[in-house]
Amino acid sequence: MATLFITILVVASIALQAIAAGLAWYAARESRIGWPWLLVCAALVLMGVRRGLALGEWWVAGVQPVPLPEIVALIISLLTLLGVWGLRPSLASAHRYSTFLAMEAHRLNSVLEGLPGLVYRCRNDPQWTMEYISQGCRSLTGYTPEDLLGNRRISYAELIEPEDREPVYRAVQEALAERRPYRLVYRIRDANGAVKWVWEQGEGIFDREGELLYLHGYISDVTEWQRIQEELERAKSAWEQDREVWQQEEHRLLNEWVQRTDHLSEILAYEIHDGFVQQASAALMHLQSLGYVQRERPDEAAAVLDRAVRLLREAIDEARRMIDGLRPVALDRGTLFDALRDLCRQLSEPSGISIRFTSDAEMLRLAPPIENNVYRTVQEAVQNAVHHSDSREIDVRVTHEGNQLRILVRDWGKGFDMSQAHPRHFGLSAIRDRARMLGGTASIVSAPGQGTTVCVTIPLNTGSPSAGSSPNVAPAPFSEPTSSNHG
């Protein structure tokens, strides 16, 4: 009976060990790291074989084992089975959790590698010793993450441009002292020696006691954005300078326009007072005295009326002359050169001055604004000579030389000292301004007792205009003459 009981104990122990070995083998197949389970399985198999051999020796030799060791062996086999059975689900859960963490880490690394920059974790020391750095380090710095981890080959601080290192360190320390994130823009030099602008955002990580553990953040390349910003700043600065120039030019033109308008108003008032008003007043006086003359001297009444009519006609002619001065209607009746010839004749007859007009450009047609300015230029120059030179002869020439129109007005009068000419005289100043507006130049040569010569050169388009068309003014630089007007 005892022999049977011991046999049952041994067989039960071997069976339990075999079952535990099977469970260990199953766990080894499911587990990612199954070699510990294989060792357990092998140990249980060896234990079962050992118990089987012991049972065989007992049956062959007839030596009866002690029941207590067999009972202990059975209990150990049972506990082994229970341990394998109980640990297998926990270890399987741990395996699934570790697999999940590995997948998440792989996905996170994939995301970090796809970022156009690098993610880091580093110590708060002057070298910014890296404890972790993403693969974006390669494209940004030209170094591998292994080169910067622990400062093995180079520290990140050495990549920062020397003049930016201290400002960067100071800005980070100020942010850490205030427990806030930091944002920086500075320069680094990559492995190829190229300078790059980078933008960094990071923060410090503190424990519960407020001790700083490490820094982490993100760094990206903003070289292109910095270049665009610098170009924008340069363009803004240039625009500000241009705006100042435009404002000064606008102010100058406005002042010049006000002065020119005042001058034209003075001239117009002078012309009306000395011409039209005087003649109309004289005609009014004759008409007012007509009744008295008819009563007292009837034979003189007709003559008084004739003088009044003549003065009114002269006043009307003077008014028309002033209107023609405001707008050269002569240009609407014929060519520019016909209008200039009539102008010289009109100015010559009342003054008694011989004004000669010659031109070799009779067939040249210009745009209406250009013709108007050429007409006004000749008119101003000739009127200056008539009113101020005391010359009995004036020569006016208009020639077409290559791609230029040349205007020459010369007198043999008293002339003037160019160094003492009043700067606000408007006669020749208007000539100078008109030449400048047309892209040309105006020169004035004069001396006391030697007359005055005004020469205006206007550039024309070199292309041959078609019939009925007018060449344009070619853009050309202009020079400010050093002389000023004497009229």
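The values are calculated or read from the model by the stated rules, or taken from the named source; none is laboratory data. As the structure is a prediction and not an experimental result, all values here were calculated from the model. Here the Cβ positions follow ideal geometry from the backbone for every residue, glycine too, while neighbour counts run over all protein chains shown.
Confirm whether GLY210 is of a type outside the set (A, V, I, L, M, F, W, C) and touching a residue at least 24 places away in the same chain (Cβ under 8 Å). No, not satisfied. Taking the listed residues GLY468, GLY449, GLY463, GLY487, the one that is modelled with pLDDT of 85 or more, of a type outside the set (Asp, Glu), out of contact with any Pro (no Cβ under 6 Å at 6 or more places or on another chain) and outside any strand (DSSP E or B) is GLY449, with no other qualifying.
For GLN241, indicate whether it is of a type in the set (S, T, N, Q), at pLDDT below 85 and farther than 30 Å from TRP128 by Cα. Break it down stepwise before answering.
Values: of a type in the set (S, T, N, Q): yes; at pLDDT below 85: no; farther than 30 Å from TRP128 by Cα: yes.
So GLN241 fails the test.
Quick grid of which residues meet (1) surrounded by 15 or more Cβ atoms within 10 Å (Cβ to Cβ); (2) at pLDDT below 80; (3) outside any strand (DSSP E or B):
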residue	(1), (2), (3)
ARG341	yes, no, yes
GLU371	yes, no, yes
GLN383	yes, no, yes
HIS387	no, no, yes
ILE407	yes, no, no
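Kindly establish whether ALA339 is touching a Lys or Arg at 6+ places or on another chain (Cβ under 9 Å) and aliphatic (A, V, I, L, M). Spell out the reasoning first.
Details: touching a Lys or Arg at 6+ places or on another chain (Cβ under 9 Å): yes; aliphatic (A, V, I, L, M): yes.
Considered against the rule, which asks whether it is touching a Lys or Arg at 6+ places or on another chain (Cβ under 9 Å) and aliphatic (A, V, I, L, M), ALA339 comes out as yes.
Report, by residue number, each residue of segment 155-199 that is assigned to a strand (DSSP E or B) and farther than 14 Å from THR141 by Cα.
To start, the set of residues in segment 155-199 that are assigned to a strand (DSSP E or B) comprises 160, 182-189, 195-199.
Selection gives TYR182, ARG183, LEU184, VAL185.
Would you mind stating whether LEU268 is of a type in the set (A, V, I, L, M) and at pLDDT 75 or above? It is false that LEU268 is of a type in the set (A, V, I, L, M) and at pLDDT 75 or above. For segment 110-127, taking the residues that are in a helix (DSSP H, G or I) and among the small types (Gly, Ala, Ser), the one that is modelled with the highest pLDDT is identified as SER110. Within segment 128-152, the residues that satisfy the criterion of being under 24 Å from GLN173 (Cβ atoms), out of contact with any Lys or Arg (no Cβ under 8 Å at 6 or more places or on another chain) and assigned to a loop (DSSP other than H, G, I, E, B) are TRP128, GLY150, ASN151. Please go through segment 388-421 and pick out each residue that is among the hydroxyl-bearing types (Ser, Thr, Tyr) and without any contact (Cβ under 8 Å) to a residue 40 or more places away in the chain. SER419, the sole residue that qualifies.
The one condition from (1) surrounded by 13 or more Cβ atoms within 10 Å (Cβ to Cβ); (2) at pLDDT 90 or above that ARG138 does not meet is (2).
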